[in-house]
There are 2 protein chains.
Amino acid sequence: MSQIEEKFAKLGTENAPGQEVRQSSTTDSSELRGDSLPGVPVDFSHGDVNRSAFEATPGSLDEFIRGVKSGGEQAYTEYRGRADIRESLATHLAAFTGAPVSAATELIITPGTQGALFLAVAATVSAGDKVAIVRPDYFANRKLVEFMGGHIVPITLDYLGHESHSGIDLSQLEAAFKAGAKTFIFSNPNNPTGVIYSQDEIQQIATLANRYGATVIVDQLYSRLLYPGRVYSHLRATDIDNSNVVTIMGPSKTESLSGYRLGVAFGSARLIDRMEKLQAIVSLRAPGYSQAVLRTWFDEHANWMQDRIAKHQAIRDDLIQVLGTSGDVITRVPEAGSYLFPRLPKLAVTLHQFVRNLRYQASVIVTPGTEFCPDSTDSIRLNFSQNHEAAVAAVERIVELVHRYRD
Amino acid sequence: MSQIEEKFAKLGTENAPGQEVRQSSTTDSSELRGDSLPGVPVDFSHGDVNRSAFEATPGSLDEFIRGVKSGGEQAYTEYRGRADIRESLATHLAAFTGAPVSAATELIITPGTQGALFLAVAATVSAGDKVAIVRPDYFANRKLVEFMGGHIVPITLDYLGHESHSGIDLSQLEAAFKAGAKTFIFSNPNNPTGVIYSQDEIQQIATLANRYGATVIVDQLYSRLLYPGRVYSHLRATDIDNSNVVTIMGPSKTESLSGYRLGVAFGSARLIDRMEKLQAIVSLRAPGYSQAVLRTWFDEHANWMQDRIAKHQAIRDDLIQVLGTSGDVITRVPEAGSYLFPRLPKLAVTLHQFVRNLRYQASVIVTPGTEFCPDSTDSIRLNFSQNHEAAVAAVERIVELVHRYRD
């Protein structure tokens, strides 16, 4: 296998969320237990942005149309994004995260948070570099590091073993830094578990990063969808050396604006500068007209976010309750975001077969845990930003199939 | 300098089109000759998509809005783009280029043609690979190859020395392949000169690629804006081994849809497959709602494209005439697209200083030739997709400044 063939062989997307349509829809029916279960199909691989579930931020399409009508100034922005939009975002993001952001030098608008993550990793990681990655964590973190030729040093997140904190093994993180890892990448809240890192954990990450001069890329995509009573700690608001931190956010999830492909990265001017240079040859800029939609971000109606959080919380609680009826499905209650990552009991079929059977027999799409951690062969991820009723019925079907296929 | 610092040091964007706003706007006035010239500012670094110049394809915004209203199915497409849109594009692109395209396996929708070019190069070029690049050609070709760690083998385009063909030095191309170059990247029509490759040249490129098993990435972004009497030859319609060819197009230029960030790459299933895997971690997908706008592409009203070409031709002819009045500015008449690449006489200031003076004294933005070829220190690129009257007046100011700064 040539060098480039090897590189792409690691980049499998067959089990990635949203790609299920490309899998064969046939299955060997002799291996199936019982009949198909009727019900409204639910695709838990991503949130539902339709009217029956969670629609985009009010006014977002209007801002897009205003952007189109304003013509060239919105179509052809600087590569890092339109200056006045960056100004307004910098103010909002500084207030939200508790530390200043320079619109001129410390912020870039990207095509989705995926775009921000790619640019941040490519601006930081070279071939041969060691990079600390949490397990489980967002699957692209691993793939990005591997594509850059980096070597992954896994850090365990014992999310089921704790309630007052995330359960990250900070001694492993220190060992990774000692062994030469120069970069740490993690999502907070954690994707797929919905766990948030405690103030103490975040402070310790900052202390370790400072001690070893490590760069930290923190994906805070879901940090606005925080359930009541939970405290969220922003890494960039600690005493960490902010010239070594890039924070990533975007309006694709909580705000249901994924179809516009928008994200932002902010922090280290040195890294943001590299990211812009790279963006110039990767996609030129985030879609110009879409950038106008960012004018709605952090400027939603007063009760809109509260209402959105309350609705997600109600779905979360009902799904946890339904999963509990199975007796042996274990789920940590997510503290932020809209992911559930239940651990299933031992099944008579492989995880990937079970996921296929869910699709085939229960009209339910979920993402196998192995996308997030090679050892998560017993877990599935659900994005519960869905129609409430349909989601509850779909999880009832999941529990029924767990029952059928239990070993 | 560390490995990654070196990599990014090569990725300068200060002189890239659209980034002029980041340059200092002050200049040492003691070095300026004469007063500022009044007139409507013209930014020739990109096309003007405002009402007074070339607006987007009729109906494009309506398709976008329909896409938004259709919700999740348009927001969350497969990474390679929505299947029914790929079907329709495959039909149009096969007819346009004269060779079949499989919508399922041979086409990917990307964030702009820049996105397509990045993915194609990243799917093809590994560190240490030799890559043949035309000089002059689109500046990102060089930067992309360098970013992947490839080595550039320059191929001369003697565009001023010929009229019946482009002037590519095919013996250099064969020598490059003999010396181990596995990839050839070029734009047709050539950006910045507007030259198209003759049928014979295209056939010879195909023959050489077949003989040496080389992969060819051909950027045909401007191939629809073809002036009357010119014959355009599609590389993929020759006897070239199509498993080694990727063709790139998009509606950002002729169709003025750049603000939606849309491009397509089609050809080699093997490479398209890699490109999708990479897109999954670079930006996930082309903006979902924007993809809906592709429904207007190759489906414009019957006379719309003819009218657009005629208008560009009229501007082209007037600008060539104005440049001719200078006596010693040499320009080859572009055969397709909306770029002019005039060669200026010897000036008393550097090219970059002259470009700054144009901005400062004449309210005209052009792109220095050095972006396209290190030796093009005497040329400037103009995108003449502008308001006709304003463009003519702006080029009159350029000629006046050439006169002032002539050595």
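What follows draws every value from the coordinates through simple rules; no lab data is involved. This one's a predicted model, so the numbers in the text were calculated from it and none came from an experiment. In this analysis, Cβ positions are derived from the backbone assuming ideal geometry, glycine residues included, and neighbour counts consider all displayed protein chains.
Just counting partner chain Cβ atoms within 10 Å, what average do the residues of peptide A:6-15 show around their Cβ?
For this peptide, the per-residue mean of nearby foreign Cβ atoms is 4.
One decimal, nm, shortest first: give the distances between the label point of residue B:241 and those of the same position in the other copies, each label point 7 Å from Cα along Cα→Cβ.
Residue B:241 label point versus its equivalents elsewhere: 5.1 nm.
Starting from the range A:103-206, pick out the GluC sites (Glu not before Pro) whose DSSP state is loop and whose Cβ has at most 12 other Cβ atoms within 10 Å.
Here the sparse-neighbourhood loop sites are A:163.
Report the local net charge at residue A:170: Lys and Arg +1, Asp and Glu -1, summed over other residues whose C-beta lies under 13 Å from its C-beta.
Summing Lys and Arg as +1 and Asp and Glu as -1 gives -3.
From other protein chains only, count the Cβ atoms within 10 Å of every residue's Cβ in B:72-83, then give the mean.
Whole-number average of other-chain Cβ neighbours for B:72-83 is 5.
With the crude spin-label approximation of a point 7 Å out along Cα→Cβ, what separation in nm comes out for residue A:239 versus residue B:70?
Reported label-point gap for residue A:239 and residue B:70 is 5.6 nm.
Can you pull the Kirkwood radius for chain B, inverse mean 1/r over Cα pairs, to one decimal in Å?
Evaluated over chain B, this radius sits at 21.9 Å.
Just checking the output field for B:260-271: average partner chain Cβ neighbours within 10 Å of each residue's Cβ?
2
Where both partners of a DSSP beta bridge lie in the protein assembly as shown, what percent of those bridges are antiparallel, to the nearest 5?
If we restrict to bridges inside the protein assembly as shown, about 45 percent are antiparallel.
Determine the distance separating the Cα centre of the range B:131-197 from the Cα centre of the range A:274-294; give it in Å without decimals.
Here the answer is 27 Å between Cα centres.
Given +1 on the Cβ of Lys and Arg, -1 on the Cβ of Asp and Glu, and no further charges, what dipole in debye does chain A carry about its Cα centre, rounded to the nearest 20?
Charge dipole, chain A, about its Cα centre: 620 debye, nearest 20.
For each pair in B:10/B:178; B:7/B:130; B:7/B:253, compute the distance between the two Cα atoms and list the pairs where it is over 19 Å.
B:10/B:178; B:7/B:253
What distance in nm lies between label points placed 7 Å from Cα along the C-beta direction at residue A:95 and residue B:303?
The answer from the label model is 5.3 nm.
Test of understanding: given chain B, find the longest segment containing no trypsin sites (Lys or Arg not before Pro) that are in a DSSP loop and have at most 16 other Cβ atoms within 10 Å.
Counting at most 16 other Cβ atoms within 10 Å as exposed, the longest clean stretch of chain B is B:52-229.
Round to the nearest 10 and give me the degree value, 0 to 90, for the angle of helix A:388-405's Cα axis relative to the longest principal axis of chain A.
Rounded to the nearest ten degrees, it is 50.
Between copies, how close do the residue A:390 label points come, placed 7 Å along Cα→Cβ, listed in nm from shortest?
4.6
Copy-to-copy spacing for residue A:62, label 7 Å out on the Cα-to-C-beta vector, in nm, shortest first?
Nearest to farthest, the other copies are at 2.3 nm.
Say the dipole of the protein assembly as shown comes from +1 at the beta carbon of Lys and Arg and -1 at that of Asp and Glu; which of A:72, B:32, A:385 then lies farthest toward its positive end?
B:32
Looking only at the range A:60-296, where both bridge partners belong to it, what percent of the DSSP beta bridges are antiparallel (to the nearest 5)?
35 percent
Compute the long axis of helix B:199-212 from its Cα atoms, compare it with the longest principal axis of the Cα atoms of chain B, and write down the angle in degrees, 0 to 90, nearest 10.
60 degrees
Between residue A:318 and residue A:165, what FRET efficiency comes out of the Förster formula 1/(1 + (r/R0)^6) with R0 = 30 Å and r the beta carbon distance, rounded to 0.05?
Once the sixth-power term is evaluated, E becomes 0.70.
For the charge dipole of the range B:60-296, defined by +1 on Lys and Arg C-beta atoms and -1 on Asp and Glu C-beta atoms about the Cα centroid, which residue among B:60, B:191, B:155 has the Cα displaced farthest towards the positive pole?
B:60
Only helical DSSP H runs with n ≥ 4 go in: add -39500 (n - 2.57) per run for chain A, normalise by residue count and round the 222 nm mean residue ellipticity to 500 deg cm²/dmol.
Helix contribution divided over all residues of chain A: -11000 deg cm²/dmol.
Alpha carbon centre of the range B:322-364 versus the range B:50-116: separation in Å?
36 Å
Using only Cα atoms, tell me the angle between helix A:304-324 and the longest principal axis of chain A; keep it within 0 to 90° and round to the nearest 10.
Once rounded, the angle reads 30 degrees.
Can you pull a Stokes-Einstein diffusion coefficient for the range B:60-296 at 4 °C (1.567 mPa s), Rh from Kirkwood over Cα pairs, as a whole number of µm²/s?
Estimated diffusion coefficient is 72 µm²/s.
Rank A:120, A:175, A:144 by how far each Cα sits towards the positive end of the charge dipole of the protein assembly as shown (+1 on Lys, Arg Cβ; -1 on Asp, Glu Cβ) and give me just the farthest.
Looking along the dipole axis, the top candidate is A:175.
Taking Cα pairs under 8 Å and at least six residues apart, what relative contact order does the range B:60-296 come out at, in percent?
This gives 30 percent for the range B:60-296.
Run the dipole for the range A:60-296 about the Cα centre, Lys and Arg Cβ at +1, Asp and Glu Cβ at -1, nothing else charged, and hand back the magnitude in debye, nearest 20.
I would put it at about 500 debye.
Express the Stokes-Einstein translational diffusion coefficient of the range B:215-301 in µm² s⁻¹, to the nearest whole number, given a Kirkwood radius over alpha-carbon pairs, 4 °C and a viscosity of 1.567 mPa s.
Rounded, D is 89 µm²/s.
Contact order normalised by length for chain B, with contacts defined as Cα pairs under 8 Å and 6 or more residues apart; what percent is it?
25 percent
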